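J.: Take a look at the following structure, please.
The values are calculated or read from the model by the stated rules, or taken from the named source; none is laboratory data. Just so it is clear, the structure is predicted and the values come from calculations on it, not from any experiment. Note: ideal-geometry Cβ built from the backbone for every residue, glycine included; neighbour counts use all protein chains shown.
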Amino acid sequence: MEAASPDGLLLAGAIALVALSGLPGLLARKGGSGGERLSALLVGAGALLGLAASARVLFLGGGFRVELPSPLPGGPLLLSADALSALFLVPVFLVPALGAVYGLGYWPEAEHRRDARKLRFFYGLLAAAMAVVLLARSGVLFLVAWEVMALAAFFAATTEDRQPSVREAGWIYLVATHAGTLGLFGMTALLARTTGGFAWEAPDGGLAVTASSSVVFLLAVVGFGGKAGLFPFHFWLPGAHGGAPSHVSAVMSGVMLKVGLYGLLRVVSLYGAPPAWWGGLLLLLGAGSALFGAALAAGQGDLKRLLAYSSVENVGIVTTGIGLALLGRSEGRPEWVALGLGGALLHVLYHSLFKTLLFLGAGAVIHAAGTREVDRLGGLLRKMPRTGAAFAAGCAAALAFPPLAGFFSELVVYVGLFRAFAGPDSSLLAAFAAPALAVAGAVALAAFTKLFGVVFLGSPRSEEAAHAHEPGRAMLGPILVLGALVAVAGLLSPLLAPGVDAAIRAWVAPAVPPGSVGELAHPVPPLAAIVPLGTIALLGVAFLGLLALVAGLLALRLRRASFDRGATWDCGYARPTGRMQYTGSSFGDWIAGRLTPSAAAPVLEVRPPVGSFPRGAAVSAPAPARDPLLLRLLEPFASRWARRFHDLHALQEGRLTIYLVYVLGTLVALLAWSALRGWVLPR
Amino acid sequence: MIDTLVHLALVLALPPLLTGVIAKTKAAFAGRNGPPLLQGYYDLAKLLRKGSILPAGSTWVFLAGPVAGVAAPLLASLLLPFGGHEAPLSFAGDMILFAYLFALARFFTASAALDTGSAFEGMGAAREVAFSALAEPALFFGFVALARISGSLSLSGMLGSGPGWVTAGAPLVLVAASWAVVLLAENCRIPFDDPNTHLALTMIHEVMVLDHGGPAFGLVLYGAAVKLFVLSALFLRVVFPFNATDPNLDWLAFVAGVLLVAIGIGVVESVMARLKLVKVPQLLVGACLLSAFGMLLLAR
């Protein structure tokens, strides 16, 4: 690990290219297509460099560590890439690159003269800031990059700031992210007190766990968990992800959530022997997020909000894996670490692929039909067969169907949970987590059957849906590329496993350097040694072959025996119409209503039939801009406190000079305090 | 090798017989002669020769339902030990593949129903995915309990041999009871659903395939029979995990056992009526709790 390694240079180049990708466009002529093409090209070139560096670190054992002198307090700026950073860098570079190409068709300069340039600028900045967050090893640099990421995401997500719902979702996001950042400030300060500096590097054997460590951990859970969208900190997520342009939603849902998970992993990796309740808490939060995320997704009537809630579910699956790994670290069980963290990291990669695919596909639907209400769509598979087929693959991967991407990662997490209960020193929490994930999976199946079935199958439910069409090349290209990636990524798991092993070692290493005697003195076994990923991949190929065989036989039989097309029989309706179909609201309502805590349950509008000849009875899930949890719990709480602090409004003058006076006054007060402290408080 | 071939032959050929046995049992209870034992095979042969009408506007998904409905349980059967014989395929975590294969079939069957654009079939699809979400944890709690008893992470190991009944009899009774409910629910049997009425009385599984006909419907029936066979074999291995010394005797015992399970289903269907729809979730949650208690008994 030396400063001038090619990895450092590659990554510096990649980050610079991506960060500056939107800049030339700001200077280019408004409405021209040169700026947008150049920016997509720059993001693409940067992504290639970044992916090359990540692959080198993951598979060839590269890496680097540099200290840059800094004028800021808090010591030199420390940047370093190990395999853990590199693994998270893969989606950070891959997804924005595909999204940038997609953006050429989805948000073209020619149609969005007002905001396309702003969007591209913050889009590049967001991606670059995420990469810096993953490389930062000093608290100060980390927090600066974190804040740039949060703000860039705010501006990119509120591109359509003329819509009140988007503005509102943006403000909620901004408040939520800053509340989380506040927690991270506290965490960084506390951590600096224990380590004596802002460098996030553990001494040999890891940091010792003291009473303040648990506070650090809890602050990390709130700060990072809030960014990752863990239940119950998810309330900002559906609005922000739903209101953003689709390729920004993809970056936020597919990538930015993972940066939160990365932060959590990085901070807990500093501790040598974390107490067992840390892992237990994460198991609980993870399983809860998976379950409630899936149930809330099933209840959504808005295409993109459904996908956003499904991200809560997937973050929950990843967190369950992290919790198991942490538990393994506490109990000294290397195979729990390998399975828990291995499954979590694989799922981070795979979720970024299929969630991006689904958001880009949803964007294509919105683009083509002009509505995002599930209940106004239908029959789109015939109008947009290629987008629809890719979307189906994305749904199947999200549902962890063998042999697609999600299956392999979830399998590894499951095996870890089973293993944690099957052997001696078992964990009962892990035993409950496995069935909880199974319910989450089955409820997600309801959500995605509703999404795919109501949007793409049957017949159109509205005029707009009837006139949908396949998107242009710039949008279709990334969708098809991702469709192919989702189809083969799972089968490639055996090849990815060495990279995941390297990341696991990097996570364990700071606490237990080779040769030392720690809790995890025996090495963490390679993933493929516990779960035969290669065999399963072969079996997956065989399954695809079996499907093709049965399909071929059926096709042969149909051709021989002659088939015809006629109206849907439906037990004797002579002329079924699009509006007679089952709606998405009816489809998801039952299961969503039963499995969510009442405070978080979706808001339903029910107009029951009245009288003997009822007219206009309906059940619908209107798309509220706010999460039900926010609506029912947080907002009343916040407004109560806002009333109490009403008198403080007098301080808010709204004039810059007054605020500068406040700053000066505070500084003087602090200086006075530090000068007088020794005198007032005798040592 | 021979074992694998016998395994394959059984799972390919035997399933339609099970439906015949159930029908005969029910006929015996009703004092009728009933259809011949081999009626399932006759139906398949007839359907494969028939022409069919595809709903206007349906897509490839309409046919993907029946295809997945056959392929998924066939592959799942390869992970399951039949009687005292090892499963042809076995690896750590294969029970997850087993469960998710059925989920895959469910997704495509429900999607095929939605592809027709029919309100009735859409309703059936909604019920199917909702109810199975309640049945899923019952299956998994059982898997966790079996993994704990056997210390193994594959179906072959979990269902391998009999000492579990000596050391952990009570948990196994609970899991077996819970899985009996799952067996009935997942195969759309009374008290959950009535497989003999394709019309108004059948509100869950069968309603989803109203518009399938000819060879596609043949695949639906065959897939349902294979699923019944596979889940019966799973249930059988939990309640009767013993091996004979002679391998041939093992095969005989297995076939006899599966047919006995079929007769058992027929008896249940004869003595019970279908539950009111609102009661179905209660029974499924009850089954979940049974296997959860089974698992808790093992947490020591």
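J.: Search the stretch B:209-222 for residues being in a helix (DSSP H, G or I) and within 9 Å of another protein chain (Cβ to nearest Cβ), and hand back the single one that is farthest from B:Asp250 (Cα to Cα).
T.: Here the answer is B:Gly214.
J.: So is B:Val280 more than 23 Å from B:Ala28 (Cα to Cα) and modelled with pLDDT under 90 or not? Before you say what the answer is, go through the steps one by one.
T.: Details: more than 23 Å from B:Ala28 (Cα to Cα): yes; modelled with pLDDT under 90: yes.
Yes, satisfied.
J.: I need the full set of residues from the stretch B:40-93 which are touching a Gly at 6+ places or on another chain (Cβ under 6 Å), of a type in the set (A, V, I, L, M, F, W, C) and closer than 30 Å to B:Gly257 by Cβ, in order please.
T.: Listed by number, the residues that qualify are B:Leu44, B:Leu47, B:Leu48, B:Val70.
J.: May I ask you to verify whether A:Val312 is farther than 30 Å from B:Arg127 by Cα and either in contact (Cβ under 8 Å) with a residue 60 or more places away in the chain or crowded, with 24+ Cβ neighbours inside 10 Å (or both)? Break it down stepwise before answering.
T.: On the way: farther than 30 Å from B:Arg127 by Cα: no; either in contact (Cβ under 8 Å) with a residue 60 or more places away in the chain or crowded, with 24+ Cβ neighbours inside 10 Å (or both): yes.
So A:Val312 fails the test.
J.: I need a count of the residues in the stretch A:407-464 that are assigned to a loop (DSSP other than H, G, I, E, B) and either closer than 20 Å to A:Val365 by Cβ or of a type in the set (Val, Ile, Thr) (or both). Lay out the reasoning, then the answer.
T.: From the stretch A:407-464, those assigned to a loop (DSSP other than H, G, I, E, B) are A:423-427, A:457-462; that's our starting set.
Within this subset, residues satisfying the condition of being either closer than 20 Å to A:Val365 by Cβ or of a type in the set (Val, Ile, Thr) (or both) are A:457-462.
Count: 6.
J.: Run down A:Leu230, A:Leu282, A:Leu291, A:Leu237 and say which single residue is at pLDDT 95 or above and within 29 Å of A:Ala400 (Cα to Cα). Please lay out each step first, then the result.
T.: Details: A:Leu230 fails: at pLDDT 95 or above; A:Leu291 fails: at pLDDT 95 or above; A:Leu237 fails: at pLDDT 95 or above.
After applying the criteria, what remains is A:Leu282.
Here is a yes/no grid of residues against (1) among the small types (Gly, Ala, Ser); (2) part of a helix (DSSP H, G or I); (3) at pLDDT below 90:
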site	(1), (2), (3)
A:Ala487	yes, yes, no
A:Ile504	no, yes, no
A:Ser516	yes, no, yes
A:Leu520	no, no, yes
A:Pro525	no, no, yes
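J.: Still on this structure, please answer the following. Please count how many residues of the stretch A:190-215 are out of contact with any Phe, Trp or Tyr (no Cβ under 9 Å at 6 or more places or on another chain) and not hydroxyl-bearing (Ser, Thr, Tyr).
T.: Residues of the stretch A:190-215 that are out of contact with any Phe, Trp or Tyr (no Cβ under 9 Å at 6 or more places or on another chain), as a first pass: A:190, A:193-197, A:199, A:201, A:203-205, A:210-212, A:215.
Narrowing the set further to residues that are not hydroxyl-bearing (Ser, Thr, Tyr) leaves A:190, A:193, A:196-197, A:199, A:201, A:203-205, A:211, A:215.
Counting residues in the stretch A:190-215 that are out of contact with any Phe, Trp or Tyr (no Cβ under 9 Å at 6 or more places or on another chain) and not hydroxyl-bearing (Ser, Thr, Tyr) gives 11.
J.: Return the only residue of B:Ala72, B:Ala103, B:Ala76 being in a helix (DSSP H, G or I), among the aliphatic types (A, V, I, L, M), closer than 20 Å to A:Leu546 by Cβ and within 7 Å of another protein chain (Cβ to nearest Cβ). Let's see the steps before the verdict.
T.: Numbers: B:Ala72 fails: within 7 Å of another protein chain (Cβ to nearest Cβ); B:Ala76 fails: within 7 Å of another protein chain (Cβ to nearest Cβ).
Exactly one residue qualifies, and that residue is B:Ala103.
J.: Exactly one of these conditions fails for B:Leu231: (1) in contact (Cβ under 8 Å) with a residue 60 or more places away in the chain; (2) part of a helix (DSSP H, G or I). Give me its number.
T.: All conditions pass for B:Leu231, except number (1).
J.: What number of residues in the stretch A:541-565 are among the β-branched types (Val, Ile, Thr) and either under 17 Å from B:Gly65 (Cβ atoms) or within 7 Å of chain B (Cβ to nearest Cβ) (or both)?
T.: As a first pass, look at the stretch A:541-565 and keep what is among the β-branched types (Val, Ile, Thr): A:541, A:550.
Next, only the ones that are either under 17 Å from B:Gly65 (Cβ atoms) or within 7 Å of chain B (Cβ to nearest Cβ) (or both) stay: A:550.
Within the stretch A:541-565, residues that are among the β-branched types (Val, Ile, Thr) and either under 17 Å from B:Gly65 (Cβ atoms) or within 7 Å of chain B (Cβ to nearest Cβ) (or both) number 1.
J.: Out of the residues in the stretch A:564-582 that are surrounded by 13 or more Cβ atoms within 10 Å (Cβ to Cβ) and in contact with a strand residue (DSSP E or B) (Cβ under 8 Å, 6 or more places away or on another chain), which is modelled with the lowest pLDDT?
T.: Among them, the one singled out is A:Trp569.
J.: Moving to a separate point now. A:Arg266 passes all but one of (1) part of a helix (DSSP H, G or I); (2) outside the structural domain of A:Gly406 (by TED's automatic domain parsing); (3) closer than 30 Å to A:Arg594 by Cβ; which number fails?
T.: A:Arg266 satisfies every listed condition except (3).
J.: Tally the residues that are assigned to a helix (DSSP H, G or I) and farther than 14 Å from A:Gly225 by Cα, restricting the search to the stretch A:269-278. Steps first, please.
T.: Of the stretch A:269-278, the ones assigned to a helix (DSSP H, G or I) are A:276-278.
Applying the additional criterion that residues be farther than 14 Å from A:Gly225 by Cα yields A:276-277.
Of the residues in that region, 2 qualify.
J.: Let me ask something else. Of a type outside the set (Asp, Glu), within 14 Å of chain A (Cβ to nearest Cβ) and within 16 Å of the chain's Cα centre (by Cα): is that true of B:Gly93 in this structure?
T.: Values: of a type outside the set (Asp, Glu): yes; within 14 Å of chain A (Cβ to nearest Cβ): yes; within 16 Å of the chain's Cα centre (by Cα): no.
Against the criterion (of a type outside the set (Asp, Glu), within 14 Å of chain A (Cβ to nearest Cβ) and within 16 Å of the chain's Cα centre (by Cα)), B:Gly93 does not qualify.
J.: If I filter the stretch B:21-36 for residues that are surrounded by 22 or more Cβ atoms within 10 Å (Cβ to Cβ), more than 9 Å from every other protein chain (Cβ to nearest Cβ) and within 27 Å of A:Ala440 (Cβ to Cβ), do I get at least one hit?
T.: no
J.: From the list A:Ala45, A:Ala19, A:Ala12, A:Ala28, pick out the single residue that is more than 27 Å from A:Val140 (Cβ to Cβ) and modelled with pLDDT of 90 or more.
T.: Values: A:Ala19 fails: more than 27 Å from A:Val140 (Cβ to Cβ); A:Ala12 fails: more than 27 Å from A:Val140 (Cβ to Cβ); A:Ala28 fails: modelled with pLDDT of 90 or more.
The conditions single out A:Ala45.
J.: From the list A:Gly63, A:Gly32, which residue is outside the structural domain of A:Gly342 (by TED's automatic domain parsing) and in contact with a strand residue (DSSP E or B) (Cβ under 6 Å, 6 or more places away or on another chain)? Break it down stepwise before answering.
T.: On the way: A:Gly32 fails: in contact with a strand residue (DSSP E or B) (Cβ under 6 Å, 6 or more places away or on another chain).
Of the residues listed, the single one that is outside the structural domain of A:Gly342 (by TED's automatic domain parsing) and in contact with a strand residue (DSSP E or B) (Cβ under 6 Å, 6 or more places away or on another chain) is A:Gly63.
J.: I've got another one for you. Wholly within the stretch B:111-178, which helices (runs of 4 or more DSSP H) include no fewer than the required count, namely at least 2 residues that are facing another protein chain (nearest Cβ under 7 Å), surrounded by 23 or more Cβ atoms within 10 Å (Cβ to Cβ) and under 20 Å from the mean Cα position of the chain (by Cα)?
T.: In the stretch B:111-178, B:119-150 are the helices (runs of 4 or more DSSP H) which contain 2 or more residues that are facing another protein chain (nearest Cβ under 7 Å), surrounded by 23 or more Cβ atoms within 10 Å (Cβ to Cβ) and under 20 Å from the mean Cα position of the chain (by Cα).
J.: Just one of (1) assigned to a helix (DSSP H, G or I); (2) surrounded by fewer than 22 Cβ atoms within 10 Å (Cβ to Cβ); (3) small (Gly, Ala, Ser) trips up B:Ala244, so point out which.
T.: Only one criterion is unmet by B:Ala244, namely (1).
J.: Name the pairs whose Cβ atoms lie under 6 Å apart, with the first residue in the stretch A:566-581 and under 24 Å from A:Val374 (Cβ atoms) and more than 7 Å from chain B (Cβ to nearest Cβ), the second part of a helix (DSSP H, G or I) and modelled with pLDDT of 80 or more, and 6 or more positions between them or separate chains?
T.: Cβ pairs passing all conditions: none.
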